[in-house]
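None of the figures in this text is laboratory data; all of them are computed from the coordinates on show. Computed from a prediction, not measured in an experiment: that's the story for all the values here. For neighbour counting, all protein chains shown are included, and Cβ atoms are generated from backbone atoms with ideal geometry for every residue, glycine included.
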Amino acid sequence: MEPIDTSLIDWSRAQFALTAMYHWIFVPLTLGLGLIMCIMEAIYVRTGKEFWKATTRFWMKLFGINFAMGVATGIILEFEFGTNWSNYSWFVGDIFGAPLAVEGIVAFFLEATFIALMFFGWDKLGKKTHLLSTWMTVLGATFSAWWILVANSWMQYPVGMEFNPETVRSEMVSFAAVALSPVAITKFLHTVTSSWVLGAVFVVGVSAWYMLRGRHTDFAHASIRVASLFGLIAALLTAATGHQSGVDIARHQPMKLAAAEGLYEGGTHVGLVGVGLLKPGVNWAHPEEDPFLFKIEIPCGLSMLATNTPDGYVPGIKNLLEGGYVGEDGLKAPSAEQKMAFGRKAIDALRDCKRGTDGEQTEILRENFPYFGYGYLKTPEELVPPVAATFYSFRVMVILGGYFLALFAGLLLVGKRIAAWKPALLMILLSIPLAYAASEAGWIVAEVGRQPWAIQDLLPNCAAVSKLSVCSVQTTFWIFAVLFTVLLVAELCIMLRAIAAGPEKECA
Amino acid sequence: MTYTFFQEYWWLIVSLLAGLFVMLMFVQGGQTLVYALGHTEQQRRLLLLATGRKWELTFTTLVTFGGAFFASFPLFYSTSFGGAYWVWMLILLCFVIQAVSYEFQLKQSNLLGTTTYRVFLMVNGLLGPLLVGTAVGTLFFGAEFIIDKQAIVLPGEPPVISRWATPWHGLEAVLDVRNVLLGLAVLMLSRCLAHLYFLNRIEDDEIRARSRSMLPWEIGLFLVFFLSFAWFWLTSAGLAVVSVPEAGAGVQEVPCRYLHALLDMPAVLVALLAGVVLVLVGLLTPLIKPASRCGIWSAGLGTVITVVALLLPAGWNGGIYYPSLANPASSLTLANSCSSPYTLQVMSAVSLLIPFVLAYIVWAWHALEKSPIQPSEVSSENTTH
Ligand code: HEM
């Protein structure tokens, strides 16, 4: 097979990463701040106090500014599957399209309809109807996260499908298996609860700024109280769902786990690295030399995570490529070379089975299909994702997860006394960018860690990409880079100005 | 229910979404009229307030249209989006800039200034309908793609199923005047609908008077573009699947492709005529009865019906809905581009939610729009949002 120009793949990936990461700046705040706003409005409806109405409206104003950018950056992603990953779109369209269509029909309309009521309906609707609109808007946003994460999880862990040689694509055989895949549920829960954390950090951060300035202190206290309780619960849930994500990748994407842990040579009683510094330029084939300059680890932690026993075997990058260890299923794992041979067999069988009429070839295809994607690879090295990016992002996310837990717990303990403690307020304010860092880092672990796959084991990027000129993709990359950056700066200016202006009089 | 039934059902849904989208593009039309109809800042804000409460619905319909097309006819999605790259990218870009503009235009410290965001809205209003219309034209008159599903397993070839035959990646569609005529017709229709919408919604005598005086010209231009498109549409030769004795089914050029399709499907023909009449009645209402606010209802409904009736004969009855100019055998029919029977069935079950979705949209519109927008709302709006 003539390889596709690697720079086309790289630029297409870069464009997807750019647009997805920009989109992800806005989504978690929509999910997190949205729910906080819902809670505040519920307090208003219960207590009838104008103070809570003004508080809700202030956060809603910031929500609106952020939401617009989420919409603007999101539309690109939906169509980018087609524009830049056309082969992929055909190969999985039968499965992937359904969640996207449901997302449109069920979730987007809920969001788009009720958001207009939420913003424009304060004077036109009854209190309870307005509250319902706010909840519906946020519910719509959360629903849409559900469906798109179903799609994403399917790429990490393809279930509920069968390959049809006649149509040359994967076809869905069970919608329930796709929509309720355990990986999808974990991913949804981790993504949404971690977004709640981000929303809570945003609210306490902005409130801390008012305290530093000695402005709107009642408003700031009230906001911190709601957000830190909410944030604490969210951070606990994030840690629990994050742990489950780790268990999932240990089971379904061992290479991602190995990369996230910098584990070149596996074994039993493997520790979980807490912090560590990787030696640059380590070669997976020679892990005899320690890949770490230094590390602090939890003994047997990784074995526990992956196998639930302290002496469980966890394969490293080298083992995954060389095979030969006994897997969970009790069988000897094939080497990368063997998997590539199975993959080529599957591809050859697909070519020869002349549209599914030849039973013998169809059987060969079926047998080897789990390795289909390996047939497109040239060398085993291609199977190793960028280790450093995955490893460090994982640390950033998890360590910050611990920090946010402590932050919210501390805020709840200290209560109103926090106002007197300037350095702490400054630290809380500076936590806002950290929450974004943690959230983006999570996606880097999930997406960089699964390279080279567009669909785990079935379709590598090189067989997923659209045939375009590199120059076209470069041009759109730079258009998006410039446009989104300008719009982001505009958004930040508007946001800062709205924060500086503060809430309405009732809160002052 | 057969596989063919589900394919045709989904083509109907996709057509319906397209029809709703074209109707809702009155928002885009309205954006191009902000300066022509609004001579004071107060009036411009009023106009943008009227479209600003609706733009998200148009946008969402576009996104859902994309999702539904992907889910039901993935080969179209992968072929057209991946191939006509530049057309779709331009369309997307002009919707990206729309999405921030309503929110940002009146905010303080918005970096680019109010005028820039209004120019963004103008660009979206002009290019959106024009490009979408032109792109839809290629469904009738063909595009430059080649499909080979075997490419994914052939040695010596990059494993890409759908390719584009020109380096222009879709931009070449403007060289076919028929596509451009459709684009211009959609643009003018969106402006006409916007006038009708403003006449219905806005309580400002100056704006209403200006709309009424502009309307005859806009209608005239719309008719010129639409009727020329319709002429080409009915009379152009086009590709069709023809069964040849012995050789089986093959793709051949047939004369008056769409005229024949309509004659084969008289119900669609009747719907098309009814749609066009409804549009005309709606457009002429304010000219005949200046006090009437109802034109938008008839014209809006007529638009949806007309668009659906234009698209149905493309896919129904085994027709080719996306002809390939580069390689006729690659042309797309519902049967060769659709999802598996199981997926179509599952999604059909989901589509039963659509009436429910429509019901709450109608409820929400009604709750917000009990009475037309008063000029006094402009200042209060600015502080609330
Ligand atoms: C507290 C401990 C945490 C653990 C153990 C943890 C664990 C994980 C793991 C293993 C993944 C990869 C999942 C996959 O590839 O399928 C992941 C992804 C992710 N994490 Fe975390 N995480 C933690 C905290 C956080 C925090 C604090 C945030 C953000 C505020 C966050 C945001 C994300 C996001 C956005 C993703 C990508 C979506 C996904 O794959 O679920 N995580 N996390």
Inter-part distance where the range A:383-448 and the range B:14-74 are each reduced to a Cα centre, Å: 40 Å
When each of A:Lys318/B:Lys149; A:Lys295/A:Lys422; A:Lys345/B:Lys149 is checked by Cα-Cα distance, pairs over 25 Å: A:Lys318/B:Lys149; A:Lys295/A:Lys422
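If you place +1 on the Cβ of every Lys and Arg and -1 on the Cβ of every Asp and Glu, how big does the dipole about the Cα centre of the range A:353-508 come out, in debye to the nearest 20?
Its charge dipole is roughly 660 debye.
Could you compute how fast the protein assembly as shown diffuses translationally, taking Rh as the Kirkwood radius over C-alpha pairs and applying Stokes-Einstein at 10 °C with viscosity 1.306 mPa s? Give it in µm² per second.
Estimated via Stokes-Einstein, D reaches 55 µm²/s.
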Zone of B:Ser371's modelled label, taken as backbone nitrogen in the range A:113-151 under 13 Å from a point 7 Å along Cα→Cβ: A:124
Structure-based [θ]222 nm, chain B - -39500 (n - 2.57) summed over DSSP H runs of at least 4, per residue, nearest 500: -22000 deg cm²/dmol
Calculated diffusion of the range B:3-377, Stokes-Einstein form, Kirkwood radius summed over Cα pairs, 4 °C and 1.567 mPa s, µm²/s: 60 µm²/s
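With charges only on Cβ, +1 for K and R and -1 for D and E, what is the dipole size of the range B:3-377 about its Cα centre, in debye, rounded to 20?
860 debye
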Extension reserve of the A:Leu413-A:Ala42 stretch, reckoned as 0.36 nm per residue once the Cα distance is removed: 131.1 nm
Order of A:Ile298, B:Ile288, A:Ile428, B:Ile373 - criterion: other Cβ atoms within 10 Å of each residue's Cβ, fewest first: B:Ile288, A:Ile298, B:Ile373, A:Ile428
Relative contact order of chain A, defined on C-alpha pairs under 8 angstrom at six or more residues apart (%): 21 percent
The range B:237-376: C-alpha gyration tensor shape, a/c 1.5 cut-off, then a/b vs b/c: oblate
Radius of gyration and Dmax over the Cα atoms of the range A:73-136, both given in Å: 16.8, 50
Positive-pole candidate from B:Tyr77, B:Leu46, B:Thr115, dipole of chain B, charges at beta carbon: B:Leu46
Order of A:Trp85, A:Trp135 under a 10 Å beta carbon neighbour criterion, fewest first: A:Trp135, A:Trp85
Which of A:Pro380, A:Leu263, A:Gly276, positive extreme of dipole for the range A:260-380 (C-beta unit charges): A:Pro380
Three-way shape label, the range A:446-504, alpha-carbon gyration tensor, a/c 1.5: oblate
Residue-averaged [θ]222 nm for chain A, counting only DSSP H segments that reach four residues, each worth -39500 (n - 2.57): -23500 deg cm²/dmol
Table column - 3J(HN,Hα) (Hz), the range A:58-68, Karplus curve with 6.51, -1.76, 1.60, x for Gly and Pro: 5, 5, 5, 5, 5, 4, x, 4, 5, 4, 4
Net charge of neighbours whose Cβ lies under 15 Å from the Cβ of B:Gly137, counting Lys and Arg as +1 and Asp and Glu as -1: -1
Estimated FRET transfer efficiency (B:Asn327, B:Ala359; beta-carbon r; R0 51 Å; 0.05): 0.70
For the range A:29-72 versus the range B:241-288, the gap between their alpha-carbon centres in whole angstrom: 50 Å
In order through the range B:140-146: 3J(HN,Hα) via Karplus (6.51 cos²θ - 1.76 cosθ + 1.60), integer Hz, x for Gly, Pro: 8, 10, x, 9, 9, 10, 10
Spin-label model distance (nm) - A:Phe292 vs B:Asp148, 7 Å beyond Cα toward Cβ: 5.2 nm
Exposed GluC sites (Glu not before Pro) absent: longest stretch of chain A, with sites in DSSP loops and at most 10 other Cβ within 10 Å deemed exposed: A:1-287
Straight-distance crosslink candidates among lysines, where the alpha carbon sits under 22 Å from A:Lys187 and sequence neighbours closer than 8 are dropped: A:Lys256
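Below 11 angstrom from the Cβ of A:Val45, what's the summed charge of the other residues (Lys, Arg +1; Asp, Glu -1)?
Net of charged neighbours comes to +4.
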Whole-number percent relative contact order across chain B, with pairs defined as alpha carbons under 8 Å at least 6 apart: 24 percent
Ranked list, fewest to most other Cβ atoms within 10 Å of each Cβ, for A:Arg13, B:Arg118, A:Arg169, A:Arg213: A:Arg213, B:Arg118, A:Arg13, A:Arg169
Total charge dipole magnitude, chain A, about the Cα centre, Cβ charges on Lys, Arg, Asp, Glu only, Debye to nearest 20: 2380 debye
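Quick one: if the Förster radius is 51 Å, what FRET efficiency do B:Asn317 and A:Leu496 give, using the C-beta to C-beta distance and rounding to 0.05?
0.30
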